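This report concerns only the one structure given below.
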Amino acid sequence: MRIAIVGTGYIGLVAGICLSETGTQVCCIDDDENKINHLKNGHLSIYEPGLEVLFDHNFKNGRLKFTINMNQGFDGADIIFLTQPVPYRKDGSADLKYMLEVAEQIGRHITRYVVIAIKCSVPVGTAEKVRSSIFRHYQGPFDVISNPEFLCEGHAVECFMKAEQIIIGTNSERAKKVMKELYEPFVRHENPILFMDLHSAELTKYVANAFLATKNSFMNEVANLCEELDADINEVKKGMNSDERIGKHFLSRGTSDGESCLQKDIKALMHTAWKMNNELKILEAVSEVNANQHHYFLKKMLRHFDNLQGKHFAVWGIACKSETVDIREAPALSLIKLLLEKGATISAFDPVALPNVSKIMGDKIQLAGSFYDCLDNADALIITTEWDEFKTPDFDYMITLMNEPVIFDRCNLFELPLMEEKGFYYYSIGRSLVNQLNLVL
């Protein structure tokens, strides 16, 4: 089987590399010539644990190819995956312009039956629009299906290779047969391929992400309440995790805005409902709570310092979560922008995401070479991503580097008694405000 993948971003590269691991011939297509040349030279353009090993193995064995030429990439393909990012407007509506342009290119090129699989998050009805764009140029046999991806950043290889479920939206028996053959090696652990209609498959991805964001939002509010009630969010989560009706996923912190796609998909789902004259009031509240969480954290800083003008903050971690370079919708960036507006200066460190941070922030902040370099002359440290290397630092050395021993920790990496012993003013999330204020007093 031969596969073409349009888009060499997060979804496209992970899918292409993992599919090639089963012996499938994969050609990845992108209009970014620099990125394609980088990949052609054997250099992976994203970071995911375990992905580089698979990339090297399959690239050297000729199962992975890269091109900027769509017609060349489509040649001989049995399945064409559409994985390119879909820009979303402020109102949550999707801009399908680029996807439909690709669809027209497909229609001009194909001469035999092909399955076109939409793998990114798109509004209900997108598959029909793609089909219409192809049909204007090619009236032969083909199928457009929905095959939404459910990768978890930081665990993407495991998610793909041992998928909990694979969703295929189509009523075509021919397309079902092709996709079942493709995914058969990935469902040998008895996890299912779920076939359903197109609209249900397109909607499932949005609904799943919206539900995860709702769990996250709920835990944000519970964490804030814990502080006022002299309770500990970590203990509350232990009790919740033990209840199999609830499960432990997306209760890990209750302090972040979630993965990058969650907020985007909430807005898209609300826009879809709005077009149908429906309201999703729960999701409106979810979006508001998560969007305002960094303002709640900023209040802790203002409580300690009163005025942030001229203060210098060290930031550990910019990526949305550990084990990824993704900084889209990263809580750290929202917080950094607020601090800059207050007149503060920033020195930041992230183990893998700094190149992406530089593209967005430019010279507005200083990027440090290590997490200790980041602390030089800092009035406080802010921890925003739960990287393992941050978990057991040399606290005595940290105090010698900082102007003041102050830590604002969104990840709850350290225990309160340890921070008191080490002499830090320590502010965490969802743990007793009484204990935290005692440190300051």
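Each reported figure results from applying straightforward, stated rules to the coordinates on display, with no laboratory input. It should be emphasised that the depicted structure is a prediction, and the values quoted were computed from it without experimental measurement. Cβ placement follows ideal geometry from the backbone for every residue including glycine, while neighbour counts extend to all protein chains displayed.
One table, with the values for the structure above:
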| item | result |
| --- | --- |
| Leading residue at positive end of dipole, the chain (Cβ point charges), from Asn356, Val14, Val289 | Val14 |
| Charge dipole of the chain about the Cα centre (unit charges at C-beta), most positive-ward option of Leu212, Ala127, Cys27 | Ala127 |
| Separation of alpha-carbon centers, the stretch 58-79 and the stretch 149-212, rounded to whole Å | 23 |
| Built amide H within the under 5 Å cut-off of Ile383, gap 5+ | Trp316, Phe408, Asp409, Arg410 |
| Given charges at Cβ of Lys, Arg, Asp, Glu: the stretch 241-393 dipole, positive-most of Ile246, Leu302, Trp316 | Leu302 |
| For peptides 419-426, 156-163, sequence by mean Cβ density within 10 Å, most packed first | 156-163, 419-426 |
| Hz values of 3J(HN,Hα) by residue in the stretch 118-133 - Karplus curve (6.51, -1.76, 1.60), Gly and Pro given as x | 8, 9, 8, 6, 9, x, 4, x, 5, 4, 5, 5, 5, 4, 4, 5 |
| In order through the stretch 190-195: 3J(HN,Hα) via Karplus (6.51 cos²θ - 1.76 cosθ + 1.60), integer Hz, x for Gly, Pro | 6, 7, x, 9, 9, 8 |
| Label of the coordinate-derived value, P(r) over Cα pairs in 20 Å bins from 0, in percent, listed as [x] 24, 52, 23, 2; [y] 25, 57, 18, 0; [z] 23, 47, 24, 6, 0 | [x] |
| The stretch 293-440: relative contact order in percent, alpha carbon pairs under 8 Å with at least 6 residues between | 21 |
| Electrostatic dipole magnitude of the chain [Cβ: Lys, Arg +1; Asp, Glu -1; Cα centre; debye, to 20] | 1540 |
| The chain: calculated mean residue ellipticity at 222 nm from DSSP helix runs of at least 4, using -39500 (n - 2.57) | -13500 deg cm²/dmol |
| Arg136-Met1 FRET efficiency (beta carbon distance; Förster radius 30 Å; 0.05 resolution) | 0.65 |
| Per-residue Cβ neighbour rank within 10 angstrom, fewest leading, Arg188, Arg63, Arg245, Arg136 | Arg245, Arg188, Arg136, Arg63 |
| Cut-off 12 Å between beta-carbons: net charge of the residues surrounding Ile134, Lys and Arg +1, Asp and Glu -1 | 0 |
| FRET E, pair Arg89, Leu44, Förster distance 41 Å, beta-carbon r, rounded to 0.05 | 0.85 |
| Antiparallel bridges, percent of DSSP beta bridges restricted to the stretch 2-196 (to nearest 5) | 5 |
| Relative packing of peptides 117-124, 166-173 - highest average C-beta neighbours within 10 Å first | 117-124, 166-173 |
| Distance in nm between pseudo-label sites at Glu221 and Asn403 (7 Å out along the Cβ direction from Cα) | 3.8 |
| Least to most buried among Ser146, Ser93 (fewest other Cβ within 10 Å first) | Ser93, Ser146 |
| Under the Karplus curve 6.51 cos²θ - 1.76 cosθ + 1.60, θ = phi - 60°, whole-Hz ³J(HN,Hα) for the stretch 318-331, x wherever Gly or Pro sits | 10, 4, 4, 7, 5, 6, 8, 9, 5, 10, 5, 6, 5, x |
| Flagged links, alpha-carbon separation over 24 Å, of Lys129/Lys264; Lys300/Lys337; Lys177/Lys248; Lys35/Lys359; Lys180/Lys264; Lys35/Lys97 | Lys177/Lys248; Lys180/Lys264 |
| Size of electric dipole in the stretch 102-175: Cβ of Lys, Arg +1 and of Asp, Glu -1, about Cα centre, debye, nearest 20 | 400 |
| Choice from Asp31, Asp363, Asp379 showing the highest fluctuation, given a GNM over the chain with Cα pairs closer than 10 Å | Asp363 |
| Distant-in-sequence amide H partners of Ile346 (H built 1.01 Å from N, under 5 Å) | Phe313, Gln366 |
| Protection proxy ranking, peptides 20-30, 270-280, average beta carbon neighbours within 10 Å, highest first | 20-30, 270-280 |
| DSSP beta bridges in the chain [antiparallel fraction, %, rounded to 5] | 5 |
| Unit charges on C-beta of K, R, D, E only; dipole of the stretch 293-440, Debye | 660 |
| Computed label-point distance, nm, for sites Leu100 and Lys162 using a 7 Å Cα→Cβ extension | 4.3 |
